[in-house]
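Shown next, in structure tokens, is the structure this report addresses.
The values are calculated or read from the model by the stated rules, or taken from the named source; none is laboratory data. Since the model is a prediction, treat every value here as computed from it, not as a measurement. Note that we place each Cβ from the backbone using ideal geometry, even for glycine, and neighbour counts take in every protein chain shown. To get the accessible areas, we keep the full protein, side chains included, count just its heavy atoms, and leave off ligands, DNA and RNA. Shrake-Rupley method; radii C 1.70, N 1.55, O 1.52, S 1.80 Å.
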Amino acid sequence: MKSRKSGLRTVDVARGAGYSVQQVRILERDGVLPPVERTASGYRIYAEAHVQAAIAYRELAAGLGPVDAKQLMRTALNRPTAELLASLDAEHADLHAERRRLRLARKAAESITAEPLDDVRPSDVMSIGELAEALGVRASTLRHWEYEGLVAPDRTVGRRVRSYSPAAVRDARIAHQLRLAGYRIDALRTLIPQLSTTRDHDEVLKGLSARDSRLDERSRALLHGTAALVAMNLV
């Protein structure tokens, strides 16, 4: 049996990975670390691979979130390398898709808020069905946005039939693009009225830039996590 002094202690792994002792034990329990040897008296014997695994999880969790990071670590430790590579490819693809949505949202915010709304004609008004089809959303989504104060259609015939003026259509288009970019409803309650009244989209662009920065951090963390997996000879 390997002596206690020849391996690392739990506290050594914790210090090396920037975790607490309890967190290391939780990672072991959750299958994020490789199997751990024990002495005859029950003490855990860790190795450098456990430190690297904890570091890999820490970085992956920063890039993907703890749930996906744990699943990726289990794949790395228990599944063929090809499956791990496919999972990493998928995560990078998801980040790329988020970047693309952010670029589209920025262009939409810039172009939509700059559109003139003068000389409105009756033919410019859209029904809820027409607008839903144009945006590719359900009519129930538009009704929800109205309830949340994001879009304000006009009402006719006893306030039962909704009609969307060009201004309301513009608000719906902005809401749609920003929702695709990941904006939550509570954030849009502040942004949409601001855009509608001032057409000053600096705050929206600032928020989108912050999301770009966050994506950079996530991409960097994913790369660092992958590097730790490489150090374990898992990739």
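If the condition is being at pLDDT 80 or above, open to solvent by 50 Å² or more (accessible area, probe 1.4 Å) and outside any helix (DSSP H, G or I), then region 165-213 contributes only 184. Scan region 166-189 and report the pairs whose first residue is over 17 Å from residue 106 (Cα atoms) and whose second residue is part of a helix (DSSP H, G or I), with Cβ atoms within less than 6 Å and a gap of 6+ or a chain change. Note: pairs meeting the criteria are 166/124.
Just to be sure, is residue 11 under 15 Å from residue 225 (Cβ atoms), surrounded by fewer than 18 Cβ atoms within 10 Å (Cβ to Cβ) and without any contact (Cβ under 8 Å) to a residue 12 or more places away in the chain? No; evaluated as a whole, the condition is false for this residue. Scanning region 30-57 for residues that are loosely packed, with under 14 Cβ neighbours inside 10 Å and under 25 Å from the mean Cα position of the chain (by Cα) turns up just one, 30.
So that you can scan it fast, the table gives a plain yes or no per residue for (1) modelled with pLDDT under 95; (2) open to solvent by less than 70 Å² (accessible area, probe 1.4 Å); (3) in contact with a helix residue (DSSP H, G or I) (Cβ under 7 Å, 6 or more places away or on another chain); (4) on the phi > 0 side of the Ramachandran plot:
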residue	(1), (2), (3), (4)
74	no, no, no, no
85	no, no, no, no
94	yes, no, no, no
106	yes, yes, yes, no
111	yes, yes, no, no
116	yes, no, no, no
119	yes, no, no, yes
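Contact map, region 42-54: residues that are within 16 Å of residue 26 (Cα to Cα) paired with residues that are aromatic (Phe, Trp, Tyr) and open to solvent by 10 Å² or more (accessible area, probe 1.4 Å), Cβ distance under 8 Å, separation 6+ or inter-chain. Pairs shown: 54/19. Every condition in (1) in a helix (DSSP H, G or I); (2) free of Cβ contacts under 8 Å to residues at least 40 places away in the same chain; (3) open to solvent by 60 Å² or more (accessible area, probe 1.4 Å) is met by residue 27 except one, and the failing one is (3). Comparison of 87, 41 shows that the only residue that is under 28 Å from residue 216 (Cβ atoms) and hydroxyl-bearing (Ser, Thr, Tyr) is 87.
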